[in-house]
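Any read-out appearing in this document is the output of simple, stated calculations on the displayed coordinates, not a laboratory observation. Only a predicted model underlies this, so the values are computations on that prediction, with no experimental measurement involved. Please note: Cβ atoms are built from the backbone with ideal geometry, for glycine as well, and neighbour counts cover all protein chains shown.
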Amino acid sequence: MNTAASNHDLQSSIASLRSGDVRSLARAISAVENRSPGWSNLLKALFPHSGRARVIGLTGSPGAGKSTLVDHLARFYRKEKRTVGIIAVDPTSPYTGGAILGDRIRMQEHFSDPGIYIRSMATRGSLGGLARTTADVTTVLDASGRDVILIETVGVGQDEVDIVRLADITVVILVPGMGDDVQTIKAGIMEIADIFVINKSDHDGAERVEREIRGLQSLAVRHDGWTPPIVNTVASQGTGVEDLAAAIAGYEAYLQKENLALKKSVENWRERLVEMLRDVMLEKVRAQISDERLEQLAGEVAGHKRDPYTLVEEIAATAGST
């Protein structure tokens with residue numbers, strides 16, 4: 001296919017996606033997620049249309065009720081006539097490489113609503129609770145005109161901090177009585193919360209969790225001066241969802257009032273650019289070293305014929321000079 005025809009097809013796909021065509025949106029997301037031919041050009045063309053959606057990340061331990069809370073939050077925004085995109089990052093099956101939780105099944109009643117688009121993504125071995133391409137899929141959803149994008153991360157606990165690089169607002173969900181006491185996870189996700197949610201707050205121990213959060217907040221001051229509010233919910237009953245939405249709106253207003261929205265976006269992009277560069281450089285190096293050569297080098301290191309530090313420096317220098 002010649003370049004002119006390819007560009008015409010790309011622009012046609014983008015126009016269809018931005019007009020609200022769900023099939024075009026699904027194809028674009030699949031192309032990006034699977035790194036199909038042309039995925040990079042697609043993102044380059046979509047990026048100027050992005051930046052308008054409010055991206056909300058919801059994270060917390062497995063069993064905290066994230067999916068149910070996302071479900072009710074999506075309903076709330078739809079009542080406000082806002083369009084919603086949901087990205088549910090699932091753990092990956094070690095055998096098939098596929099997502100195994102099936103958040104889309106739990107939210108299947110939304111499928112009849114064109115104002116909600118739901119996509120499950122497998123982590124495919126990525127650390128930090130986010131699939132490698134989650135940020136790119138978010139860009140596609142943003143460019144499609146969604147007002148709100150809800151990202152539910154896989155829930156791996158303390159390591160799950162990548163969400164802060166992507167979300168405008170990060171909601172950390174805790175539950176009483178599950179052993180995930182605040183003290184045990186404070187070194188990780190506790191520090192990234194813009195809003196705390198104590199879900200299943202009708203269970204014993206909810207007040208203790210709230211006291212521990214407030215105790216930690218008294219020991220640390222955020223650089224933006226914001227004190228994350230604590231919202232009590234019972235997601236299974238839809239209780240507290242409006243309070244959560246109000247807390248999200250409150251933080252949005254605070255960012256605007258203090259002129260912090262752009263600063264936060266700059267910080268997020270700084271981290272993401274480093275990550276993108278890391279991925280590109282790794283792919284560049286791997287393209288230059290065959291599996292056989294890598295096996296040979298590994299054997300030399302294992303046999304102490306070469307040290308890995310000098311070897312890596314040599315490989316990096318070669319990659320940087322090409």
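Some values worked out for this structure:
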quantity	calculated
Ordering of 9-20, 192-203, 271-282, 25-36 by burial proxy (mean other Cβ atoms within 10 Å per residue, highest first)	192-203, 25-36, 9-20, 271-282
Candidate aspartates and glutamates for bridging to Lys79, where Cα separation is under 18 Å - those fewer than 8 sequence places away on the same chain excluded	Asp71, Glu109, Asp113, Asp147, Glu242, Asp243
Within straight-line cross-link reach of Lys305, lysines at Cα separation under 29 Å, skipping those fewer than 8 residues along the same chain	Lys284
Eligible lysines near Lys264 by straight Cα distance, threshold 25 Å, same-chain separation 8 or greater	Lys44, Lys66, Lys186
Residue exposure sequence - Trp39, Trp269 - by fewest surrounding Cβ within 10 Å	Trp269, Trp39
Cβ-defined net charge surrounding Ser13, 12 Å radius [Lys, Arg +1; Asp, Glu -1]	+1
